[in-house]
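Working notes for the structure below.
The values are calculated or read from the model by the stated rules, or taken from the named source; none is laboratory data. Quantities reported herein were computed from a predicted structural model and do not represent experimental measurements. A quick note on method: Cβ atoms are made from the backbone with ideal geometry, for glycine too, and the neighbour counts reach across all protein chains shown.
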Amino acid sequence: MSPSLQLLVTEQAADQIRNAVNWWADNRADVPSRLGEELERGFRLLVFQPLAGHLVPDAKAPEVRRILIRKTQHHLYYRVNTDPGAVVILAFWSARRGTLPDL
């Protein structure tokens, strides 16, 4: 079964993901693949069920949603674009920060 939507990642989100992956590799040697596995699950969920996330009421931009990646305590912030039919990842942000990313 193929996904119903494309997955697009902004440059900002890609940088945040790279930084988190590098941090995880350096600091979590006991479970080095967990972050990548959890990201993959989150991405898969979003392309098949794009409205699975909750709207972020305090986001500066409209219609921003997020899902929690539980095992790593990060949020994927995203927006659903119906034209061209894509989920756009806006940010990958630690839930422990207690603040929103700059969207």
Taking into account only those residues within region 47-86 that are over 11 Å from the mean Cα position of the chain (by Cα) and basic (Lys, Arg), which is surrounded by the fewest Cβ atoms within 10 Å (Cβ to Cβ)?
-> Lys60
For region 44-57, which residues satisfy the criterion of being closer than 15 Å to Arg79 by Cβ and in contact (Cβ under 8 Å) with a residue 40 or more places away in the chain?
-> Leu46, Val47, Pro50, Val56
Given the conditions (1) assigned to a loop (DSSP other than H, G, I, E, B); (2) touching a residue at least 24 places away in the same chain (Cβ under 8 Å), every one holds for Gln16 apart from (1)
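Scan region 19-27 and give yes if some residue there is modelled with pLDDT of 90 or more, surrounded by 15 or more Cβ atoms within 10 Å (Cβ to Cβ) and closer than 22 Å to Arg66 by Cα, otherwise no. Reasoning before the result, please.
Restricting attention to region 19-27, the residues satisfying the condition of being modelled with pLDDT of 90 or more are 19-20.
Adding the requirement that they be surrounded by 15 or more Cβ atoms within 10 Å (Cβ to Cβ) leaves 20.
With closer than 22 Å to Arg66 by Cα added as a condition, the list becomes 20.
Among the residues of region 19-27, at least one is modelled with pLDDT of 90 or more, surrounded by 15 or more Cβ atoms within 10 Å (Cβ to Cβ) and closer than 22 Å to Arg66 by Cα, which makes the answer yes.
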If you go through region 61-72 one residue at a time, do you hit one that is assigned to a strand (DSSP E or B), of a type outside the set (A, V, I, L, M) and modelled with pLDDT of 90 or more?
-> yes
